[in-house]
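A.B. asks: Supplied in structure tokens, the structure appears directly below.
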Amino acid sequence: MASFEEKLQEYAQLLVEVGINLQPGQVLNLRSDVDCAPLARLCAEAAYALGAKDVVLEWRDDALTRLRYLHADDSVFDQVYPWEQVRCDHLADLNAPYLVIIGSDPEALAGVDPERISRVNKSRYPAVKRYSDAQMASRLQWCIGAYATPAWARKVFPDASQAESVDRLWDAIFNAVRVAGDGQAAQRWQDHIGEQKRVVDILNRYQFVSLHYQNALGTDFTVGLPQGHYWAGGAEPCKTIPGLEFVANMPTEEVFTLPHRDKAEGRVYAAMPLALHGNLIQNFYLDFQGGRIVDVHAEVGEEYLRQAIAIDEGACHLGEVALVPFHSPIRDTGILFYETLFDENAACHLAFGEAYPCLEGADGKSKEELLTLGVNDSITHVDFMVGTADLSITGKTADGREVPVFINGDFAF
Ligand code: ZN
Ligand code: ZN
């Protein structure tokens, strides 16, 4: 049995070598919660060993973020300090790869005025836009990994002791990222990525014009896919370095594309609760007409859902369609992680808000041009899970053929 230290070391190596696929001479932008410092340090070490020119740090701290939301002067929520923009623009100029280590307390911001959170997101957006656009468009490598912090573990395993809950969360994380501490994790990822590619190739050959979702919860929903869309999953090419692939999420089980922002009809039910800035939204559905969310209902937390889809014009249109088999290593754990990086890999999901421009010819087009092609634009991107054990998805081809894509929650091919 490998020790915890061996596994953590292997995860760090995996994040930098396979996730980011760091190249000699690159400046790695590393963002981490302070509680995740041990993994951040191992990642920096791995990056330098691979020839990183530099590793620049951006520390986050849930407790301080919370204090600021509660006690800072109200005016600061509409402003952004000029150095934030300078920093982000410089990172964008460098195409600096972006490694994010998360381990947030899912309840860190519970009870904070959601309007303040919206205002901060809105005011930060122009400052971070160039770097964030480069990330969304895969012009730079990026990857998100996770660290089992005590606060997160307590939320996931409320009945276990503190030490036990952290151990169990680590077991779940290592299992989900295929890390066993045996030095074989990179190989297991190559195999996994290969299987993702197989499915992506099939979906890309069909070029479906729409997908129709149905299940016993009451979902009866059709989403249109824009002409020229492509599916991605596993590893994706970095647009600025020919031949280089990176893995944006570790774990990842999804294959995804973008929906047409004006083409969604019907009702879709959430299959799992949605944790949004520390607030839980439960048992909800969304109604769509002409691509817009025209109504929502939630048994718990409806006001947070309404707030989230009203943050800007694009927030009530879809920006992602992702397929995940019901039988995946993450879903099989039966754990609700209260963290999108994991929960989105447990089930088929949709996201409202910003779209990844998975569209042929999207490179170099302006946001306005992309909008007319159906690519949604928003300052938000919120994934919500819709996959159930009985979900069926039927694809429709341009010549009107209907092809089963999902049968009983899993891929039909
Ligand atoms: Zn996704
Ligand atoms: Zn997403």
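Only the coordinates and a few stated rules stand behind these numbers; no lab work does. Every value quoted in this text rests on a predicted model; they were computed, and no experiment measured them. Cβ sites come from the backbone with ideal geometry, for glycine too, and all protein chains shown count toward neighbours.
A.B. asks: Pick from A127, A347, A153: which residue has the top mean-square fluctuation in a GNM of the chain where Cα pairs under 10 Å get a spring?
C.D. replies: Of A127, A347, A153, the Gaussian network model singles out A127 as fluctuating most.
A.B. asks: Take T240, T380 and order them by how many other Cβ atoms sit within 10 Å, fewest up front. Walk me through the intermediate numbers first.
C.D. replies: Working: T240 13, T380 20.
By the 10 Å Cβ count, ascending, the order reads T240, T380.
A.B. asks: On a full-extension model of 0.36 nm per residue, what is the gain between Y81 and K239, subtracting their alpha-carbon distance, rounded to one decimal in nm?
C.D. replies: Full-extension gain reported as 53.9 nm.
A.B. asks: Right, here's the next one. Apply 1/(1 + (r/R0)^6) to the Cβ-Cβ distance of Q23 and N175, taking R0 = 30 Å, and write down the FRET efficiency to the nearest 0.05.
C.D. replies: Calculated transfer efficiency: 0.55.
A.B. asks: While we're here: Just need log10 I(q)/I(0) for the range 243-329 at q = 0.13, 0.15, 0.18 Å⁻¹, Debye formula, equal scatterers on the alpha-carbon atoms, no solvent, rounded to two decimals.
C.D. replies: After summing over all Cα pairs, the log10 values are -0.53, -0.69, -0.95.
A.B. asks: Sort M136, M1, M385 by Cβ crowding within 10 Å, fewest neighbours at the top.
C.D. replies: M1, M136, M385
A.B. asks: Shifting gears a bit: Among bridges DSSP assigns within the range 93-231, what percent are antiparallel (round to 5)? The partial results should precede the final answer.
C.D. replies: On the way: 5 of 10 bridges.
In the range 93-231, DSSP labels about 50 percent of beta bridges as antiparallel.
A.B. asks: Still on this structure, please answer the following. Given points 7 Å out from each Cα along the Cα-Cβ axis, report the N408 to D159 separation in nanometres with one decimal.
C.D. replies: About 2.9 nm, to one decimal.
A.B. asks: Cα centroids of the range 14-52 and the range 126-154: how far apart, whole angstrom?
C.D. replies: If we compute the Cα centre of each part, the gap is 13 Å.
A.B. asks: Give the separation of the Cα centroids, the range 60-121 to the range 381-399, in Å.
C.D. replies: The distance from the Cα centre of the range 60-121 to that of the range 381-399 comes to 33 Å.
A.B. asks: Against the empirical 2.2 N^0.38 Å scaling, what ratio does the C-alpha Rg of the range 179-240 come to?
C.D. replies: Working it through for the range 179-240, the quotient is 1.56.
A.B. asks: Of the listed peptides 66-72, 296-302, what is their order by residue-averaged count of other C-beta atoms within 10 Å, with the highest listed first?
C.D. replies: Ranked from most to least packed, the peptides come out as 296-302, 66-72.
A.B. asks: Reachable lysines from K155, Cα under 26 Å, same-chain residues fewer than 8 places away excluded?
C.D. replies: Hits, sequence-local ones excluded: K7.
A.B. asks: Further question: Given the pairs K122/K197; K122/K367; K197/K239; K263/K367, which are separated by over 26 angstrom at their Cα positions? Don't skip to the end; give the middle numbers.
C.D. replies: Details: K122/K197 36 Å; K122/K367 17 Å; K197/K239 18 Å; K263/K367 18 Å.
With Cα atoms farther than 26 Å apart: K122/K197.
A.B. asks: Using only alpha carbon positions, build the gyration tensor of the range 262-413, then give the equivalent ellipsoid semi-axes as the square roots of 5 times its eigenvalues, largest first, whole angstrom.
C.D. replies: 24, 22, 15
A.B. asks: Rounded to the nearest 500 deg cm²/dmol, what is the calculated helix-only ellipticity per residue at 222 nm for the chain, with -39500 (n - 2.57) per DSSP H run of length n ≥ 4? Mind showing how you got there, number by number?
C.D. replies: Values: 12 runs with 136 residues, N = 413.
About -10000 deg cm²/dmol.
A.B. asks: So, R0 is 45 Å and r is the distance between the beta-carbons of Y230 and L70; what FRET efficiency does that work out to, to 0.05? Please list the in-between numbers first.
C.D. replies: Details: r = 44 Å, r/R0 = 0.98.
After rounding to 0.05, the efficiency reads 0.55.
A.B. asks: Take every DSSP beta bridge whose two residues both sit in the chain, then give the antiparallel share in percent to the nearest 5. Walk me through the numbers on the way to the answer.
C.D. replies: Details: 53 of 70 bridges.
If I count the DSSP bridges inside the chain, around 75 percent turn out antiparallel.
A.B. asks: Give me the distance between the Cα centres of the range 285-341 and the range 247-270, rounded to whole Å.
C.D. replies: 10 Å
A.B. asks: Sticking with this one: How large, in Å, is the chain by the Kirkwood hydrodynamic radius built from its alpha-carbon pairs? Walk me through the intermediate numbers first.
C.D. replies: Working: mean 1/r = 0.0458 Å⁻¹.
Taking every pair of different Cα atoms in the chain, averaging 1/r and inverting gives 21.8 Å.
A.B. asks: Pull out the extension gain between D61 and D295, defined as 0.36 nm times the separation in residues minus the alpha carbon to alpha carbon distance; nm, one decimal.
C.D. replies: Working it through step by step, the gained length comes to 80.7 nm.
A.B. asks: Please build a GNM for the chain, connecting alpha carbons under 10 Å apart, and tell me which residue among L359, L50, L64 fluctuates the most.
C.D. replies: L64
A.B. asks: Could you state the principal axis extents of the C-alpha atoms in the range 84-226, from the largest down, to the nearest angstrom?
C.D. replies: So the extents along the principal axes, rounded to whole Å, are 50, 43, 41.
A.B. asks: Another question about this same structure. What ranking do I241, I309 get, fewest neighbouring Cβ atoms within 10 angstrom at the top?
C.D. replies: I241, I309
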